[in-house]
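The values are calculated or read from the model by the stated rules, or taken from the named source; none is laboratory data. Because the structure is a prediction, the values reported are computed rather than measured. Virtual Cβ from ideal backbone geometry, glycine too; neighbours counted across all protein chains shown.
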Amino acid sequence: MLRNYTGKYKDNWFGNVNITLENGELRFSSEMSPLLKGVLCYYIDNTFVVKWDERSFDADAFIKFSKDFDGNPDGFVMKAISPETDFSYDFQDLDFKKVK
């Protein structure tokens with residue numbers, strides 16, 4: 001089931017990120033910002049929490065996947081978990097679409 005979420009996703013401003021399955025865990029990695037990588041932890045429904053490997057970011061975020069009519073993930077949006085997250089992360093402005 002987790003494998004369905006894997007793939008390359010693109011936001012027009014931020015660029016590409018890869019969601020991969022490694023050792024039974026989903027991982028997020030940004031092509032444009034190599035330090036933005038971390039593990040996706042299941043939260044609820046189609047929502048995960050990305051916990052950045054670089055813990056000093058203090059910017060863990062929700063990732064909510066959207067699905068197509070066949071039930072396959074086709075994109076995701078993000079939102080900072082904490083209202084104290086630095087405004088420069090702007091997760092809420094990102095809209096990733098799966099690259100086919």
**Study point:** Residues of region 8-30 satisfying the condition of being crowded, with 17+ Cβ neighbours inside 10 Å and part of a loop (DSSP other than H, G, I, E, B)
**Key:** Phe14
Revision key, fill the gap. Counting only residues that are more than 14 Å from the chain's Cα centre (by Cα) and β-branched (Val, Ile, Thr), region 19-73 contains a total of 1
Exercise for review: Return only the number of the condition from (1) farther than 19 Å from Asp95 by Cβ; (2) modelled with pLDDT under 95 that Leu21 does not satisfy.
Suggested key: (2)
Review point. Which numbered condition trips up Arg55, out of (1) without any contact (Cβ under 8 Å) to a residue 12 or more places away in the chain; (2) touching a helix residue (DSSP H, G or I) at 6+ places or on another chain (Cβ under 7 Å); (3) among the basic types (Lys, Arg)?
Key: (2)
Review point. Are any residues in region 36-71 more than 18 Å from Thr6 (Cα to Cα), of a type in the set (D, E, K, R) and in a loop (DSSP other than H, G, I, E, B), and if so, which ones?
Key: Asp53, Glu54, Asp58, Asp60
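With respect to Ser33, is the statement that it is among the hydroxyl-bearing types (Ser, Thr, Tyr) and in a helix (DSSP H, G or I) true? Full working, then the answer.
Details: among the hydroxyl-bearing types (Ser, Thr, Tyr): yes; in a helix (DSSP H, G or I): no.
The answer is no for Ser33.
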Review point. If we scan region 64-82, do we find a residue that is charged (D, E, K, R), surrounded by fewer than 14 Cβ atoms within 10 Å (Cβ to Cβ) and over 18 Å from Tyr9 (Cβ atoms)?
Key: no
Review point. Got a number for residues in region 72-82 being assigned to a loop (DSSP other than H, G, I, E, B) and touching a residue at least 60 places away in the same chain (Cβ under 8 Å)?
Key: 1
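Mind counting the residues in region 73-100 that are farther than 15 Å from Val49 by Cβ and in contact with a helix residue (DSSP H, G or I) (Cβ under 6 Å, 6 or more places away or on another chain)? Give the derivation first.
Of the residues in region 73-100, the ones farther than 15 Å from Val49 by Cβ are 73-75, 83-84, 86-88, 90, 92-100.
Restricting the remaining residues to those that are in contact with a helix residue (DSSP H, G or I) (Cβ under 6 Å, 6 or more places away or on another chain) gives 73.
Looking only at that region, the number is 1.
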Review point. Would you pick out the residues in region 83-100 that are within 18 Å of Tyr9 (Cα to Cα), outside any helix (DSSP H, G or I) and not aliphatic (A, V, I, L, M)?
Key: Asp90, Asp95, Phe96, Lys97, Lys98, Lys100
Check your understanding: Does region 45-74 hold any residues that are farther than 17 Å from Glu25 by Cβ, touching an Asp or Glu at 6+ places or on another chain (Cβ under 7 Å) and modelled with pLDDT of 95 or more, and which are they?
Key -> Ser66, Lys67, Asp68, Asp74
